[in-house]
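S.K.: Input: one structure, supplied below.
The values are calculated or read from the model by the stated rules, or taken from the named source; none is laboratory data. What you are looking at is a predicted structure, and each value in this text was computed from that prediction instead of being measured. Glycine gets a Cβ as well: all are built from the backbone with ideal geometry, and neighbour counts include every protein chain shown.
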Amino acid sequence: MMKKMKPAVMVIAVLVILALCGFFLFRRAGGSSDRVVYVTPVSGGAGDYLSDRYGGVVEAQASVDYKKDPEKKVLEIYVEEGEEVNSGDQLFRYDTEKAENDIASARLDLEGFDNEISALNEEINELVSQRDEASDSEKLDYTTEIQSKQMQIRQKQYEKQIKESDIKKLQNEIDHSVVRSTISGVVKHINEDESSDKPFMSVTQTGQFRVKGSLNEQAVMKITAGQAVIVRSRVNETEVWKGVITQIETEPSSDSEQNMYSSGEKSSNYPFYVSLESTEGLMLGQHVFIEPDFGQTAVTDGIWLDAGYIVTEENGKTYVWIADSHDRLKKKQITVGIFDENTLMYEITDGLSKDDRIAWPDDTLREGLPVTSAEAAAEEEPA
């Protein structure tokens, strides 16, 4: 009986071996669904230059606040809310009646000081004459009295200097009693409520817009004033405006405490401002992206690819991982041209089209693995 079963056992053993071989070949060919590779179209992200981006909003170029001196009374307001003003136009004027009365009083004091000094000088002259005729024993008393009169004169001269300084300050207050606009713009608001913390008056500059961005503590050291940037539409990636960072605030914004790190720690946000070469097509209040300008908008013709997608073999040949027509991964040899050191991108001269889908390379990739896109994977996830 045992001899008759040997052929059957051998057949079963061969079948098991063949099944195992087929299983491993199947996995090697990409038949396993355990690993799916994400691919990105060259024309839809893989060929775009990746840069730090910051949120921004389009606002008026600048706004100037005019605070009221709490010790002064506003006598007259020359403008109304919503009124357009030019640089140098009068906004409001302080009441100078008290300053004028103080100057008149101070000038009377000056006359008094002059009269007192003149009288003291006459007394000193008389004492000097009397000392010359006095006996030697009396001369010391005269000298002491003369020195006392001279000290009084110096005191009066010092008080006179203080009073003259007060008059200059009061006159300056009168000369600058009219507050003028330092910019051309529109009167945004007038606040006559003295108990309010708001500025007495604000003027918003007219003309071109600027963009206000926001940086957290981790990003604030990445940019500098004077740096060229690109402002990009959130709706249309190809719609861009060029500009320069004009200012970075050193103090965090008042709403910084609302922003949190992933660890739960509070994050401070620092505002910065961008002046644009042109504002055509922008709207006040429009939300945009801001990114450093490394020349990425100049890369328009041909196919350009982030250097990270390209693998160079020991023989010098270059290739990328590409999705075939059956949604399987395969190597595709390509030819590269110019390398842009600013954007870290290669020009692809042969072997790739904008419709191709490519994967970010790593050591686990192999030909035959199934591919998908992030969008497709999201649609397949259960709700």
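S.K.: Report yes if some residue within the stretch 260-270 is among the hydrophobic types (A, V, I, L, M, F, W, C), modelled with pLDDT under 85 and surrounded by fewer than 16 Cβ atoms within 10 Å (Cβ to Cβ); otherwise report no.
M.R.: Taking every residue of the stretch 260-270 in turn, at least one turns out to be among the hydrophobic types (A, V, I, L, M, F, W, C), modelled with pLDDT under 85 and surrounded by fewer than 16 Cβ atoms within 10 Å (Cβ to Cβ).
S.K.: Among the residues of the stretch 193-215, what is the count of those that are touching a strand residue (DSSP E or B) at 6+ places or on another chain (Cβ under 8 Å) and at pLDDT 85 or above?
M.R.: 14
S.K.: Yes or no: residue 122 assigned to a strand (DSSP E or B) and without any contact (Cβ under 8 Å) to a residue 24 or more places away in the chain?
M.R.: Values: assigned to a strand (DSSP E or B): no; without any contact (Cβ under 8 Å) to a residue 24 or more places away in the chain: yes.
For residue 122, the condition - assigned to a strand (DSSP E or B) and without any contact (Cβ under 8 Å) to a residue 24 or more places away in the chain - is not met.
S.K.: Consider residue 223 against the criteria (1) touching a residue at least 40 places away in the same chain (Cβ under 8 Å); (2) within 27 Å of the chain's Cα centre (by Cα); (3) loosely packed, with under 15 Cβ neighbours inside 10 Å; (4) more than 24 Å from residue 84 (Cβ to Cβ): it satisfies all of them except one. Which criterion is unmet?
M.R.: (3)
S.K.: Another one. Considering only residues that are surrounded by 12 or more Cβ atoms within 10 Å (Cβ to Cβ) and farther than 29 Å from residue 159 by Cα, which ones fall in the stretch 111-144?
M.R.: Those that are surrounded by 12 or more Cβ atoms within 10 Å (Cβ to Cβ) and farther than 29 Å from residue 159 by Cα: 130, 131, 134, 138, 139.
S.K.: To continue, here is another question. May I ask you to verify whether residue 183 is under 19 Å from the mean Cα position of the chain (by Cα) and touching a residue at least 40 places away in the same chain (Cβ under 8 Å)? Reasoning before the result, please.
M.R.: Details: under 19 Å from the mean Cα position of the chain (by Cα): no; touching a residue at least 40 places away in the same chain (Cβ under 8 Å): yes.
No: the conditions fail for residue 183.
S.K.: Across the stretch 60-80, which residue is surrounded by the most Cβ atoms within 10 Å (Cβ to Cβ) among those that are acidic (Asp, Glu) and free of Cβ contacts under 8 Å to residues at least 24 places away in the same chain?
M.R.: Of all residues in the stretch 60-80, those acidic (Asp, Glu) come to 65, 69, 71, 76, 80.
Next, only the ones that are free of Cβ contacts under 8 Å to residues at least 24 places away in the same chain stay: 71, 76.
Details: 71: 7, 76: 11.
Result: 76.
S.K.: Same structure, new question: Between 173, 194, which is surrounded by fewer than 13 Cβ atoms within 10 Å (Cβ to Cβ), touching a residue at least 60 places away in the same chain (Cβ under 8 Å), of a type in the set (Asp, Glu) and under 30 Å from residue 70 (Cβ atoms)?
M.R.: 194
S.K.: Additional query: From the list 126, 83, 111, 122, pick out the single residue that is among the acidic types (Asp, Glu) and outside the structural domain of residue 147 (by TED's automatic domain parsing).
M.R.: Values: 126 fails: outside the structural domain of residue 147 (by TED's automatic domain parsing); 111 fails: outside the structural domain of residue 147 (by TED's automatic domain parsing); 122 fails: outside the structural domain of residue 147 (by TED's automatic domain parsing).
Matching residue, one of 126, 83, 111, 122: 83.
S.K.: Output the residues belonging to the stretch 226-239 that are among the polar types (S, T, N, Q) and free of Cβ contacts under 8 Å to residues at least 24 places away in the same chain. Please lay out each step first, then the result.
M.R.: Step one: list which residues in the stretch 226-239 are among the polar types (S, T, N, Q), which gives 227, 233, 236, 238.
Those that are among the polar types (S, T, N, Q) and free of Cβ contacts under 8 Å to residues at least 24 places away in the same chain: 236, 238.
S.K.: Among the residues that make up the stretch 163-170, is at least one of them under 30 Å from residue 78 (Cβ atoms), touching a residue at least 24 places away in the same chain (Cβ under 8 Å) and charged (D, E, K, R)? Don't jump to the end; show me each part of the working.
M.R.: Let us first name the residues in the stretch 163-170 that are under 30 Å from residue 78 (Cβ atoms), namely 166-170.
Applying the additional criterion that residues be touching a residue at least 24 places away in the same chain (Cβ under 8 Å) yields 166-167, 170.
Next cut, charged (D, E, K, R) only: 166.
Checked against the condition, which is being under 30 Å from residue 78 (Cβ atoms), touching a residue at least 24 places away in the same chain (Cβ under 8 Å) and charged (D, E, K, R), the stretch 163-170 yields at least one hit.
S.K.: In this structure, is residue 168 surrounded by fewer than 16 Cβ atoms within 10 Å (Cβ to Cβ), within 30 Å of residue 120 (Cβ to Cβ) and not assigned by TED's automatic domain parsing to the domain that holds residue 70? Give the derivation first.
M.R.: Working: surrounded by fewer than 16 Cβ atoms within 10 Å (Cβ to Cβ): yes; within 30 Å of residue 120 (Cβ to Cβ): yes; not assigned by TED's automatic domain parsing to the domain that holds residue 70: yes.
Yes.
S.K.: Suppose we filter the stretch 333-369 for residues that are among the charged types (D, E, K, R), under 18 Å from residue 41 (Cβ atoms) and surrounded by fewer than 13 Cβ atoms within 10 Å (Cβ to Cβ); how many remain?
M.R.: Adding up the residues that qualify gives 1.
S.K.: Further question: Quick check on my filter: what residues within the stretch 104-156 are closer than 29 Å to residue 174 by Cα and among the hydrophobic types (A, V, I, L, M, F, W, C)?
M.R.: 104, 106, 108, 110, 113
S.K.: Next question, about the same structure. Looking at the stretch 306-324, which of the residues that are surrounded by 13 or more Cβ atoms within 10 Å (Cβ to Cβ) and either at positive phi or charged (D, E, K, R) (or both) is farthest from the chain's Cα centre (by Cα)?
M.R.: 324
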